[in-house]
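Notes follow the structure.
The values are calculated or read from the model by the stated rules, or taken from the named source; none is laboratory data. Computed from a predicted structure; not experimentally measured. Backbone-built Cβ (ideal geometry, glycine too); neighbour counts: all protein chains shown. SASA here: full protein model, heavy atoms, side chains in, ligands and nucleic acids out. Shrake-Rupley method; radii C 1.70, N 1.55, O 1.52, S 1.80 Å.
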Amino acid sequence: PMITVIDDPDDLPAYDMTDDESDLRQAVSVHYLRDVLSVMQAPAQQTGPQARELWESVITSFEGLIRSHPPELSELGVVLARALMHARDEYELPNFELMRFRCLVALSSCEAVSVVPYMTGEFFERNYTLGQRMLILEVMEHAAKELAGISGTQPAAGVDEDDGAGTPSTHHLTPATIAARKGPVERRWGSGPRPPPKTKPNRFGEVAPLFFYPLMQPLQGSERSFIHAVLGEDPMVLGKLVHCVATVVECAGASPVTPALARDLAMILRPLRYSPHTSVRRSVLYAFSRILLALPGFLVASELQEDMEELQVWLSIIAQNEADENCRHMAAALTTMLQAKVAEA
């Protein structure tokens, strides 16, 4: 190859030697909840990479700080929940909504006594959007599951797990799909007995009324007045609300408050059975399934005694005449479950 000899240094090509010294900048870290709160309450006009890094550090480390149970958590729990509910993704961070959701779940489970009444009260405020109301219900459900020892802190997503109204879709669980989910059968010759699955203590029973009764208050009136007063004309949140309080009853498990919760839920569901909205009827069916799962047979017979005949007639009507296929399948399954519970008694 031909070699070019340059005698004059000015003929050498110039390279960009500027350095913003970003690699020398100290890593931003947050170690206290008060620091988190000060960053979240700071004016949003701050710009630049350092402001973005600070906000990202706060939202990333927030959940871990909450779950470490610092002494100031009881004092700052409600203030932090309020800041999270109204926080905006000013810097377009990846997974911002998921991280906010996980932080709200952590607050609601670690400081349930103060944070849950705030969250359930905010659900009925008129200055909230449909998305914010759905977020509150998702947080309440997942916090209840966490306190009950039921694993899973991801928001509901995917039509395979949820039908859009917060109700599990069960009509597509054929034997083939169940076998596919279980995977191939493996024979392990000579292997010993498997250890029983690890169980977690149910810490939810003592705080279940904090989740349940504030959310039940608007359901004591007529469905139409509630929709017009708080939710407008869209019944989607009402269906999700029924699903949420039903999950609360399920999470209460065998605690002493469960029979009272189940009885009050069954009473509230009466005017909603004949709702014109499919999503609401589907959630009502799901709620009755949680009641039957939560109560033993003798309590089903005693707590639902006054409503037993009407309930059976309604389930028969839904199973035979309902336009929605999912509702028909759920009604048929509930009829079988109800008969089995009554036989137990």
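If you take every residue apart from Trp314 with its C-beta less than 11 Å away from the C-beta of Trp314, what net charge results, scoring Lys and Arg +1 and Asp and Glu -1?
Charge balance near Trp314 sits at -1.
Would you work out what percent of the accessible area of segment 263-335, with all protein chains in place, is carbon or sulfur (probe 1.4 Å)?
53
So if we plug the beta-carbon distance of Ser316 and Val113 into 1/(1 + (r/R0)^6) with R0 = 30 Å, what FRET efficiency do we get, rounded to 0.05?
Computed FRET efficiency for Ser316 and Val113 comes out at 0.10.
Determine the gain in length on full extension of the stretch Glu122-Glu344; use 0.36 nm per residue of separation and subtract their C-alpha separation, reporting nm with one decimal.
Full extension of this stretch gives 75.8 nm more.
What FRET efficiency, computed as 1/(1 + (r/R0)^6) with R0 = 45 Å and r the Cβ-Cβ distance, is obtained for Leu93 and Ala260, rounded to the nearest 0.05? Present the calculation step by step, with values, prior to reporting the outcome.
Working: r = 43 Å, r/R0 = 0.96.
Step by step, r from the Cβ atoms, then E = 0.55.
Positive end of the charge dipole of segment 250-302 (Lys, Arg +1 and Asp, Glu -1 on Cβ, about the Cα centre): tell me which of Leu292, Leu261, Ser279 has its Cα farthest that way.
Ser279
List the residues, sorted by chain then number, that are 5 or more residues from Val30 or on another chain and whose placed amide H is less than 5 Å from its amide H.
Excluding prolines and chain starts, which carry no amide H, there are no hits.
Note down the net charge around Glu303, summing +1 for each Lys or Arg and -1 for each Asp or Glu among other residues with Cβ under 15 Å from its Cβ.
The answer is -2.
Determine the shape class of segment 231-345: with a ≥ b ≥ c the square roots of the Cα gyration tensor eigenvalues, call it rounded for a/c under 1.5, and otherwise prolate if a/b is greater than b/c, oblate otherwise.
On the way: a/c = 1.98, a/b = 1.24, b/c = 1.60.
Because a/c hits 1.5 or more and a/b fails to exceed b/c, segment 231-345 counts as oblate.
Which distance in nm do the two modelled labels at Thr335 and Arg52 give, with both placed 7 Å along the Cα-to-Cβ direction?
6.0
Which trypsin sites (Lys or Arg not before Pro) from segment 44-111 combine a DSSP loop assignment with at most 13 other Cβ atoms within 10 Å?
Arg88
In vacuum, with every alpha carbon of segment 57-143 counted as one equal point scatterer, what does the Debye formula give for log10 I(q)/I(0) at q = 0.11, 0.18, 0.22 Å⁻¹? Two decimals, please.
So the normalised log intensities are -0.27, -0.74, -1.10.
Once you have the Cα-Cα distance between Leu130 and Asp307, take 0.36 nm times their residue separation minus that, and quote the gain in nm to one decimal.
Details: separation 177, 0.36 × 177 = 63.72 nm, distance 3.35 nm.
Here the answer is 60.4 nm.
Starting at the first residue of segment 62-73, write each ³J(HN,Hα) from the Karplus equation 6.51 cos²θ - 1.76 cosθ + 1.60 with θ = phi - 60°, in whole Hz, x for Gly and Pro.
4, 4, x, 5, 5, 6, 7, 6, x, x, 7, 5
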